[in-house]
Structures are given as structure tokens and as C-alpha cells.
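Colleague: Here's a structure for you.
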């Protein structure tokens, strides 16, 4: 068994897919980027800090020792992180930025067990040219709110993807190959 330091339903589904028993823990952290921090360094730090926050929660509640998994996903366009939109206007802006172009999705995972183990999946994703009607319809679904880059590839946004090179599950929110390697190294799988 492991602890998952995440409230993400997608991460829970992906762990169930690979038959990993887990319990979720809260992992509230400050997610502000640091000055001059690269996107890859940022996503690694977020995964590490979420795992550490989860380990503190585990210990604070006196739970049995088991590894804690933290993860973070970001979308990067033109070298800049495309933030998770918190409203429709921000979602429209994010989708317009990704329309007709390629972007990179980074998902970092950190497993705090007897050792700290980390990995990052890098995936290139290309979107078709999106019409205003497609953007408006997608935003009306509510799906882009709170999602990295303003879209959920496992949902309706799958219709926008013309090419993907890398980890599909990483774009969803948990790169299963990389996660599996960390879990095997820790003796969980």
C-alpha cells in the first residue's frame, strides 16, 4: 500500500488501473513558481513538496509507514507554464494559446519511502486549429476549469489532439511507466 498525496480523481483512477492499493492524504502546498525557476524544475519541486506534505500528514495522524506518492502536471507553451484556468475567460485564453500549435506536458512524480525516488515524463502534444465555437462549446462543458493547460485529454479535449509523443497517462496526470518504475524500486510492485 502507498499514500497518494493528491485529491485528483484522475490519479486515483490511474493507480487503480495498475492495481496499486492506496489511501489519499491532503497535500496543501504553496504552488507559486520561484523567480527564474524553469518549468521542469518547478514541476519536480511541486511533486517533491506534495509528497513531503503527504508524509507530514501521515506522521501527524500516526498512520502506519508506507511510501507517499506526490505528483504534479503542467502544460508549457513557448517556454511558459499555461496556468490552470479558474474561470471561463482564463480557459478560453489557454485554449487559444494552444490552438494550432504544439505544447509540452510535464508530469513529475516523487515517491517518499525508504529513499526519495523521482521521475519526470515529458510529452509533446499538438492541437488542431480550434474554432471559436469549439472553444466556447468546450468551455461551456466546464471540463477545462482547474485542469493543467485548460484541458482534459481523457475527456472531450481528445478531439483536439492531432499528435502525441510521450506518455498519454502522464498528460492525464500520472505517468504509469515512470510511476511503476519508482514503485518497483521501492518494492511496492
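Colleague: Residue 125: part of a strand (DSSP E or B), in contact with a helix residue (DSSP H, G or I) (Cβ under 7 Å, 6 or more places away or on another chain), over 25 Å from residue 25 (Cβ atoms) and touching a residue at least 60 places away in the same chain (Cβ under 8 Å), yes or no?
Modeller: Details: part of a strand (DSSP E or B): yes; in contact with a helix residue (DSSP H, G or I) (Cβ under 7 Å, 6 or more places away or on another chain): yes; over 25 Å from residue 25 (Cβ atoms): yes; touching a residue at least 60 places away in the same chain (Cβ under 8 Å): no.
Judged against the criteria, residue 125 is not a match.
Colleague: Still on this structure, please answer the following. So in the range 33-44, with the set limited to residues that are out of contact with any helix residue (DSSP H, G or I) (no Cβ under 9 Å at 6 or more places or on another chain) and either assigned to a helix (DSSP H, G or I) or at pLDDT below 95 (or both), which one is surrounded by the fewest Cβ atoms within 10 Å (Cβ to Cβ)?
Modeller: First, pick out the residues of the range 33-44 that are out of contact with any helix residue (DSSP H, G or I) (no Cβ under 9 Å at 6 or more places or on another chain): 35-36, 38-44.
The next check asks that each one be either assigned to a helix (DSSP H, G or I) or at pLDDT below 95 (or both); those that pass are 35-36, 39-44.
Values: 35: 4, 36: 6, 39: 17, 40: 15, 41: 14, 42: 20, 43: 27, 44: 20.
So, considering only residues that are out of contact with any helix residue (DSSP H, G or I) (no Cβ under 9 Å at 6 or more places or on another chain) and either assigned to a helix (DSSP H, G or I) or at pLDDT below 95 (or both), the one surrounded by the fewest Cβ atoms within 10 Å (Cβ to Cβ) is 35.
Colleague: Can you run down the residue pairs with Cβ atoms below 6 Å, 6 or more apart or on separate chains, where the first is in the range 156-168 and exposed (fewer than 15 other Cβ atoms within 10 Å of the Cβ) and the partner is outside any helix (DSSP H, G or I) and at pLDDT 95 or above?
Modeller: Listed by first residue and then by second, the contacts come to 162/126; 162/128; 163/126; 165/124.
Colleague: Name the residue, out of 51, 71, 66, 47, that is in contact (Cβ under 8 Å) with a residue 60 or more places away in the chain, in a strand (DSSP E or B) and buried (at least 16 other Cβ atoms within 10 Å of the Cβ). Explain how you work it out, then say what you get.
Modeller: Working: 51 fails: in a strand (DSSP E or B); 66 fails: in a strand (DSSP E or B); 47 fails: in a strand (DSSP E or B).
Just a single option satisfies the conditions, and that option is 71.
Colleague: So which of 59, 30 is over 21 Å from residue 122 (Cα atoms) and part of a loop (DSSP other than H, G, I, E, B)?
Modeller: On the way: 59 fails: part of a loop (DSSP other than H, G, I, E, B).
Matching residue, one of 59, 30: 30.
Colleague: Continuing with this model, one more query. Which numbered condition in (1) buried (at least 16 other Cβ atoms within 10 Å of the Cβ); (2) assigned to a helix (DSSP H, G or I); (3) touching a residue at least 60 places away in the same chain (Cβ under 8 Å) is the only one that residue 12 fails?
Modeller: (3)
The values are calculated or read from the model by the stated rules, or taken from the named source; none is laboratory data. Treat the numbers as computed from the prediction; the structure is a model and nothing was measured. Glycine gets a Cβ as well: all are built from the backbone with ideal geometry, and neighbour counts include every protein chain shown.
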